[in-house]
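The next block holds one structure in the form of structure tokens; read it before the comments.
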Amino acid sequence: FPTANAIWSEYNNFSGTILKKQYAIFGDTSINNLNFHKLYEHQIICMDSSISPTNATLIGALYEDSLKRVYFYNMATNVPCLSTNTIYKIYDFSKQNLGDTIQFDANTIPFCYNFPYLTISNIDSVLINNSYRKRFHFAEGEVWIEGIGSIRHLLSIITPIPTCSCITELLCHKQNNIGYYQNPTFNYCFCNLGVDVQSLENEELTIYPSPANN
């Protein structure tokens, strides 16, 4: 699972209201003597699709153990159900066979998982940056890509599933500024700005009128 320079862009349609969010890893922190990677959240304004520790909010941290299980340490205080300063298992890529069951902590108080367990119903592959990675389909409706996570939401298993006419899904994923995943439903990554746009350096720019409206 990514440990640095990784960005997840997410598309949300709440009954016609479109929101886009980004999640990114910046820096490390020690929790229970384990090396976690800080996770930031940023709601995208379409003319500002960059995310950095200065414009984003620190919501928690990620850690992957030697068995390819990924954990989220929640630091946010306004997340429904989740307890602050608590560790939640969000992925388990140690399970590799059809019928394998991934168990989540049913003793968590409050119990915040969408499902107490997930059962692998199918495994196929998807082309990621010129190589194939496993894609896991679960009987409960979740779909995970190895090394990227859920195609619904990075924290899908502990993020409430909307009951309205809503859509939440992964728009794209980048690592080291390389596009690793693009949702085939969309032809853009960050608000129609494209992907892998080269930056301009030492260019003289004039912006007018100033001040401006709209």
Just the accessible area for Leu127, please: 1.4 Å probe, Å², rounded to the nearest 10? 100
Using a basic spin-label model with each label point 7 Å from the Cα along Cα→Cβ, how many nm lie between Glu140 and Ser50? 3.9
So what's the chain giving for Cα Rg divided by 2.2 N^0.38 Å, two decimals? 1.09
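Taking 2.2 N^0.38 Å as the expected size of a compact globular protein, what ratio does the Cα radius of gyration of segment 58-178 give against it, to two decimals?
On the way: Rg = 14.6 Å, N = 121, 2.2 N^0.38 = 13.6 Å.
For segment 58-178, the normalised Cα radius of gyration comes out at 1.07.
Just the number please: accessible area per residue for the chain, 1.4 Å probe, all protein chains included, in Å². Present the calculation step by step, with values, prior to reporting the outcome.
Details: 11920 Å² over 214 residues.
Per residue, the chain has an accessible area of 56 Å².
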Computed FRET efficiency, Cβ-Cβ of Leu205 and Ile31, R0 35 Å: what is it to the nearest 0.05? 0.25
Under a 1.4 Å probe, counting only protein heavy atoms, Leu98 has an accessible area in Å², nearest 10, of 110
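The values are calculated or read from the model by the stated rules, or taken from the named source; none is laboratory data. These figures come from a predicted structure and were not determined experimentally. With ideal geometry, Cβ positions are generated from the backbone for all residues, glycine too; neighbour counts draw on all protein chains shown. Surface areas here come from the heavy atoms of the whole protein model, side chains and all, with no ligands, DNA or RNA. Shrake-Rupley method; radii C 1.70, N 1.55, O 1.52, S 1.80 Å.
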